[in-house]
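Bear in mind that the values in this text are calculations on the coordinates, not laboratory data. Keep in mind that what you see is a predicted model, and the values were worked out from it rather than measured. Backbone-built Cβ (ideal geometry, glycine too); neighbour counts: all protein chains shown.
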Amino acid sequence: MSFMVIRRMFIKMNKFKWFGFIFFFISFLLCTQLSLAQQTDLNEKSSNIQIIRKRGLSIEACRRIAYDYIKSEDNKTKAIPYLEYVLNEEGDANAADIRSLAKAYYHNDQFGLAVDLINEYLAVAKNGKLKRDAKNDLDLYTLAESIVSDAGNIQLVNLGPNINSKYAEINPFVSFQENMLVYSSKTRKDYNIYVSKKKKSETTWNKAKLAGGLVNTIDDEFAAGLSSDGQTLFVHYNQYSGFEDINKSIRVKGLYRELDNLGSNINSTYKEEGVCYSTSADTLYFASDRTGGYGGFDLYYSLKIPGGDWGKPINMGPNINTESDENYPNFDPNSSIIYFASKGHGSIGGYDLFYSKWISGQNEWDKPNNMGYPINNTYDNKTISFTDSPRYAYISSIIKEGMGNYDIYKVVFLDKEADYLIVTGNVLVRDSIDIPFNKFNQNISISVYKNGELFGIYAYNKRRNTFILAMGPGTYYLEIEADNYLPIKKKFTIKENHYRNKKRKINIYLEREKG
């Protein structure tokens with residue numbers, strides 16, 4: 001349903017008294033067969049318009065507020081009520097306002113409304129270039145609706161206040177063992193690099209700390225990549241001098257040391273940004289907007305030569321690079337797949353994340369594939385960093401339920417096999433002292449339930465007085481029964497985590513039945 005139809009309806013609604021409004025509204029429902037979702041949208045629009053009307057804002061003030069939101073990095077959807085008010089109150093529809101509202105709807109995942117408005121814009125716009133741009137918008141919104149409706153079996157987990165804030169947290173990179181995380185944040189006046197750690201047995205990241213004065217400066221510092229062991233941090237600067245070079249810092253005794261420029265074969269008088277090692281660390285992949293490429297930023301690779309320097313860079317070719325921008329390459333440690341950000345290849349919102357597999361028989365990269373929703377959305381999605389488990393990765397994204405601007409999320413690919421956590425424990429009898437249950441030489445049953453169904457029945461090792469369970473992520477109920485003892489039902493949760501070779505101990509305490 002187009003906005004002008006809604007607008008005309010609002011005008012009629014203002015002219016009818018309550019009985020007339022009810023009659024008109026029911027008739028309109030019957031004639032147009034509005035869905036429940038459309039009715040909800042209509043009620044929200046009516047409420048928003050009434051609220052703004054009570055505030056006494058002029059049409060021009062609402063328009064200025066709306067356009068400020070549209071130009072913002074993360075608040076584009078906040079323009080919706082103001083533009084709805086402008087279009088409802090003005091006698092003649094302003095083509096630019098229609099297109100701006102369509103853009104706000106698009107960022108709010110209301111693709112149907114965005115498409116309707118763009119079609120309406122095309123009907124009234126006269127400027128040839130603007131009409132061509134609007135047709136590109138129409139293609140974008142249609143593609144976005146298709147990709148978002150085909151969401152992957154993926155869970156995004158916000159890392160919480162130890163990492164995220166009301167400001168932008170971007171460019172997260174994680175070590176393969178998932179025990180070190182680096183990223184950039186604008187919690188101060190400029191972007192700085194932060195570091196967080198967690199132990200293998202933990203699921204929550206520690207409070208992030210600044211990477212230190214040898215890495216952070218008065219300029220903007222952006223995490224550009226991280227080696228698999230977390231020992232080498234790549235940084236690119238947005239310097240006041242205009243240069244954006246890639247530097248590296250080696251971690252010594254827990255601290256990242258002085259930055260080292262990657263040299264003239266990698267850095268140029270143009271901009272260099274994202275970078276990564278190959279899985280064997282003998283090849284460097286990086287992004288540069290130097291001349292001679294296919295478009296803006298292209299991806300290049302450079303081989304390590306004797307002496308440890310990097311050789312002349314080679315463009316990754318037209319299967320990867322487009323007339324637009326490609327940036328932030330990274331590898332899945334478990335395969336020959338490269339991941340990167342691109343504004344080409346069918347992006348639904350600025351930069352999208354894509355992947356491409358190396359075809360050894362043809363000696364080339366295959367056609368890139370969009371990683372889909374929810375990894376990609378209508379905002380820029382630039383980096384993805386994998387652990388050595390194919391189930392987990394890290395991204396930065398703007399999501400309604402987030403803590404502020406860009407937040408960092410852990411990606412859980414639910415179709416990929418999860419690591420199993422080894423849960424061990426002893427069974428003790430609670431008395432004046434805790435006595436191992438095997439001293440009583442009685443039988444015991446150990447059952448585990450998940451989602452209301454039996455997950456498994458486990459053996460009890462009498463000789464060692466232990467039980468061993470192997471379990472993936474989820475919430476479980478452990479039930480233990482023994483003759484002459486009160487049954488035990490213990491709830492415990494295993495969070496999504498890198499559990500390879502990890503164990504957790506849970507002791508069970510039984511109490512004798514009374515009498």
| query | Going highest first, how would you order 465-472, 360-367, 230-237 by mean Cβ packing within 10 Å? | reply | 230-237, 465-472, 360-367
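Once a ≥ b ≥ c are taken as the square roots of the eigenvalues of the Cα gyration tensor of region 154-413, is the result rounded (a/c under 1.5), prolate (a/b larger than b/c) or oblate (a/b not larger than b/c)?
rounded
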| Among LYS271/LYS312; LYS197/LYS450; LYS400/LYS502; LYS197/LYS357, which pairs are too far apart, with a Cα-Cα distance over 26 Å? | LYS197/LYS450; LYS400/LYS502; LYS197/LYS357
| Separation between the ARG64 and ALA151 pseudo-spin-labels, each 7 Å from Cα along Cα→Cβ, expressed in nm? | 3.9 nm
| query | How long is the gain from ASN75 to THR204 if the chain were fully straight, where each residue apart is worth 0.36 nm and the alpha carbon distance is subtracted? | reply | 43.6 nm
| request: List SER385, SER397, SER447 from most exposed to least, where exposure is judged by having the fewest other Cβ atoms within 10 Å. | output: SER447, SER397, SER385
| note | Relative contact order of the chain (C-alpha contacts under 8 Å, at least 6 apart) in percent is 10 percent
| said: Quick check on the exposure proxy: order LEU57, LEU303 from fewest to most C-beta atoms within 10 angstrom. | reply: LEU303, LEU57
| task | Rounded to the nearest 10 degrees, what's the angle between the helix 111-124 long axis and the longest principal axis of the chain, both from Cα atoms, 0 to 90? | result | 20 degrees
| Can you give the angle from 0 to 90° between the axis of helix 95-107 and the longest principal axis of the chain, with both taken from C-alpha atoms, to the nearest 10? | 10 degrees
| Calculated FRET value between ASP219 and ILE51, using beta carbons and R₀ = 30 Å, to 0.05 | 0.10
| Label of the coordinate-derived value, Rg/Rh (Cα atoms, Kirkwood Rh), listed as [x] 1.04; [y] 1.07; [z] 0.95 | [y]
| note | Lys and Arg at +1, Asp and Glu at -1: neighbours of LYS491 with Cβ under 12 Å from its Cβ sum to +2
| field | Proximal charge balance of SER397 [Cβ under 15 Å; K/R count +1, D/E count -1] | value | -4
| query | Taking a spot 7 Å from the Cα of PHE440 along the direction of its beta carbon, which residues of region 464-479 have an amide N less than 17 Å from it? | reply | 464-467, 479
| message | Compute the helix-to-body angle for 3-15: its Cα long axis versus the longest principal axis of the chain, expressed 0 to 90° and rounded to tens. | response | 70 degrees
| query | When you count, for each residue, the other Cβ atoms within 10 Å and take the mean per peptide, how do 293-299, 283-289 rank with the highest first? | reply | 283-289, 293-299
| message | Considering only C-alpha atoms, what is the centroid distance from region 204-280 to region 158-202, in Å? | response | 15 Å
| field | FRET E, pair LEU486, ILE250, Förster distance 56 Å, beta-carbon r, rounded to 0.05 | value | 0.45
